[in-house]
Amino acid sequence: MESRNCPNCGAPNDPHLNKCPYCGTSYFDFTSIDIADGKPMFLKIKVGDRIITQLVYPDPDISIECNVESRDAIAHDGTFLTRVYTNVSCTTDIKFHSIPDERNHIYTIEEGERKWVQVGQGNV
Ligand SMILES: [Zn+2]
């Protein structure tokens, strides 16, 4: 298996952890799945005290949208001196489409002992 490193400090990744054991940086490594093959997989998301579980297939149409703001430095005589980039940011969109799992559940939300299930059509 290919060894990967923390994108922040370069320490070796431990695939059993979700953050670097050395610098504490959280990381989410999507290279364990191939977005392009579209094969279904289970997605588990933690939102506060809730855990959401869904069977999904990844949308291969991902997008990375970047925004760059800049200011030009101009001399008194109007000569362009340099361009200073003041804000560079990107938004990465990866979509997952939910499908019914083997129990016909579209999603399950767990919060402690409580559990919510959204049942798919045709088997209510
Ligand atoms: Zn690190």
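Computed from the coordinates by the stated procedures, all read-outs in this text should not be read as laboratory data. Only a predicted model underlies this, so the values are computations on that prediction, with no experimental measurement involved. So basically every Cβ, Gly included, is an ideal-geometry build from the backbone, and we count neighbours across all protein chains shown.
Computed about its Cα centre, the charge dipole of the chain is approximately 320 debye, with only Lys, Arg, Asp and Glu carrying charge at their Cβ. Taking amide H atoms as placed 1.01 Å from N in the peptide plane, the amide H of ASN13 lies under 5 Å from those of ARG4, ASN5, CYS6, each 5 or more residues away in sequence or on another chain.
Which of the residue pairs LYS19/LYS39; LYS39/LYS115; LYS95/LYS115; LYS19/LYS46; LYS19/LYS95 have a Cα-Cα distance greater than 21 Å in the structure shown? LYS19/LYS39; LYS39/LYS115; LYS95/LYS115; LYS19/LYS95, as the Cα separations exceed 21 Å there.
The dipole here belongs to region 1-65: it is taken about the Cα centre, uses +1 on the Cβ of Lys and Arg and -1 on the Cβ of Asp and Glu, and is about 340 debye.
Can you tally the net charge around VAL84? Count Lys and Arg as +1, Asp and Glu as -1, for every other residue whose Cβ sits under 9 Å from the Cβ of VAL84. Here the count lands on +1. Close amide H contacts of VAL119 (hydrogens built in the peptide plane, cut-off under 5 Å, sequence separation of 5 or more or a different chain): ILE106.
Dividing the convex hull volume of the alpha carbon atoms of region 35-123 by its residue count gives 144 Å³ per residue. Cβ crowding within 10 Å ranks ARG50, ARG83 as ARG83, ARG50, fewest other Cβ atoms first.
Distant-in-sequence amide contacts of LYS95, defined by a placed amide H-H separation under 5 Å and a gap of 5 or more residues or a different chain, comprise ASP59.
Residue by residue, region 50-58 carries 3J(HN,Hα) couplings of 9, 10, 9, 10, 9, 8, 9, 10, x Hz when phi is fed to the Karplus relation 6.51 cos²θ - 1.76 cosθ + 1.60 (θ = phi - 60°); x denotes Gly or Pro. Derived scalar couplings between HN and Hα for region 84-98 equal 10, 7, 9, 7, 10, 8, 9, 10, 9, 10, 10, 10, 10, 9, 7 Hz in order, rounded to whole Hz, by the Karplus curve 6.51 cos²θ - 1.76 cosθ + 1.60 (θ = phi - 60°), x for Gly and Pro.
Restricting the GluC sites (Glu not before Pro) of region 1-102 to loop positions (DSSP other than H, G, I, E, B) with no more than 16 neighbouring Cβ atoms within 10 Å leaves GLU2, GLU102.
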